[in-house]
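Here the structure comes first, spelled out in structure tokens, and everything after it is commentary.
The values are calculated or read from the model by the stated rules, or taken from the named source; none is laboratory data. Given the structure is predicted, the values throughout are model-derived calculations rather than measurements. All Cβ positions, even for glycine, are placed from backbone atoms using ideal geometry, and neighbour counts span all protein chains on display.
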Amino acid sequence: MVTENLQQIKVSVSSLVVRNGIYQAVLEYYDENGKRQQPWRSTGLKERGNKKQAMLKAEEIRANLEKKLNLKALNNSKSNKNPTDILFIEYLFYWLEIIRHSVENSTFTSYRQIANNHIKKYFTKNPIKLVEITHVHIQDFYNELMVEKHLSANTVVHHHAIIRKCLEYAFTMDIIPNNPADKVQKPKVEQYIGSYYTQTELNTLFEKSKGDPLEVVILITAFYGLRRSEVLGLKWDSFDFDNLTFTIKHTVTITNTEGNNRKLECKDKTKNKSSYRSLPLLDDIAEKLLELKEKQEAFKKAFGKSYNKQYLDYVFVNPQGRLIRPDYITQHFSMLLEKIGMKHIRFHDLRHSCASLLLAKGIPMKAIQEWLGHSNFSTTANLYAHLDVNSKKASADALVNALKFTDTKKENEESTSSSSQNNWIMVPLVGLEPTWMLSAAFWVLCVCQFHHNGIFY
């Protein structure tokens, strides 16, 4: 295989040094001839107060350099092996190695798993050279996945994304004249409609999960609509108990490594830039967290030297101090719902439940996007537009008024009702920036909805 003939170049950050007041990343790698190289790259960051940021920038520089060097190696390899002799499946796995260090480990693991499970099997059985592959070959592969393997349209689209990126790379390298994947008709993906709990069901869940190991996890996830990785990534330094705020800035995920070993990944970064966000901390939740911290200190003393010191900064650990794993969350939550006799939903559906409740309370879709940490508005709109009954009702009312299709009696009743209601709620929202509008809007919701002993009425 072509991957066996080409050696991957691995770049590391040797050190950080300061030159003329600016952090410099000293990189290290061995080139194709086995010669040690130590290039310097400026981070552009001043020395004072920027060491952590400089380390992150150095890692970014390292990954980019490694990618460029391996791209060059691939291009040079065409002189060692005629591109016309390379099979598509060989090239796919070499491309995976090229991108290994330029994407998230979880992304690479997912790509590799899909490639091994289906793409490799099909194109090993049907060997096609890279320069000969057409959209017909790819289309036949997708048809087999859906007709014979009974895979969903969503799954096939994931396969398509990998194949297209691989072939686009080959096109960029001038190995093929065009990207045949661009001519493939992808299956139509059905709109995902998540399950969610109603306000009453959430109250029931909060009540029946008291005393459970996941009690506080469930509470925070449902109220703030956090991702599983975000709630498990919460550290004690994320919380400002004096000003009653907290920040989403760490994540914990699990990935499959070589040999299908499952490994925890603790990152001091979020899924995307928008996921990094600060939220108001409610008194009741702050109290629960402080109680949890006291319990952890008690467990720490009880277990003594056997207590795990690796995750002291994290909020959600087990009695022995070990970080609660994402797969444990999924499994235990399902068992809990069965135990308390509630309908089954995924743990991630607590996030959907939060969004649906916000919509029901009239919170704008844009504010919900910021609350959930979606990278763009379309993600929020596509997921929850079918739940936005309030905006549809407003549209209906507008049409009724425009078409003179009014009910005088109903109009008078609504007018009377409106005049008797307290309208001060909207005042604080006027003129505020989106982030603060979100906080203010949700705080209003909290004031109206929170009980001193629980969460929602």
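So the values come out like this:
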quantity	calculated
Test: residue in region 236-251 that is touching a Pro at 6+ places or on another chain (Cβ under 7 Å), surrounded by fewer than 22 Cβ atoms within 10 Å (Cβ to Cβ), among the hydrophobic types (A, V, I, L, M, F, W, C) and in a loop (DSSP other than H, G, I, E, B)	yes
Failed item, numbered, when residue 151 is tested on (1) assigned to a helix (DSSP H, G or I); (2) at pLDDT below 95; (3) not small (Gly, Ala, Ser)	(1)
Among residues of region 293-317, those that are among the hydroxyl-bearing types (Ser, Thr, Tyr) and touching a residue at least 60 places away in the same chain (Cβ under 8 Å), counted	1
Selected residue (criterion: surrounded by the most Cβ atoms within 10 Å (Cβ to Cβ)) from residues of region 288-301 that are within 16 Å of residue 218 (Cβ to Cβ) and out of contact with any helix residue (DSSP H, G or I) (no Cβ under 6 Å at 6 or more places or on another chain)	289
Answer from 175, 128, 138 - the residue that is at pLDDT 95 or above and more than 20 Å from residue 344 (Cβ to Cβ)	138
Residue match in region 209-227 (condition: surrounded by fewer than 19 Cβ atoms within 10 Å (Cβ to Cβ), under 27 Å from residue 371 (Cβ atoms), of a type in the set (S, T, N, Q) and in contact (Cβ under 8 Å) with a residue 12 or more places away in the chain)	no
Odd one out for residue 274 among (1) more than 20 Å from residue 348 (Cα to Cα); (2) touching a residue at least 24 places away in the same chain (Cβ under 8 Å); (3) part of a helix (DSSP H, G or I)	(1)
Pair list, Cβ < 8 Å and 6+ apart or interchain, from region 50-63 residues that are modelled with pLDDT under 90 to residues that are in a helix (DSSP H, G or I)	none
Yes/no for residue 24 being at pLDDT 90 or above, exposed (fewer than 12 other Cβ atoms within 10 Å of the Cβ) and not assigned by TED's automatic domain parsing to the domain that holds residue 95	no
Test result for residue 122, under 17 Å from residue 169 (Cα atoms), hydroxyl-bearing (Ser, Thr, Tyr) and surrounded by 15 or more Cβ atoms within 10 Å (Cβ to Cβ)	no
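Quick grid of which residues meet (1) closer than 20 Å to residue 220 by Cβ; (2) in contact with a Leu (Cβ under 8 Å, 6 or more places away or on another chain); (3) not assigned by TED's automatic domain parsing to the domain that holds residue 240:
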{"site": "303", "(1), (2), (3)": "no, no, no"}
{"site": "314", "(1), (2), (3)": "yes, yes, no"}
{"site": "319", "(1), (2), (3)": "yes, no, no"}
{"site": "332", "(1), (2), (3)": "yes, yes, no"}
{"site": "349", "(1), (2), (3)": "yes, no, no"}
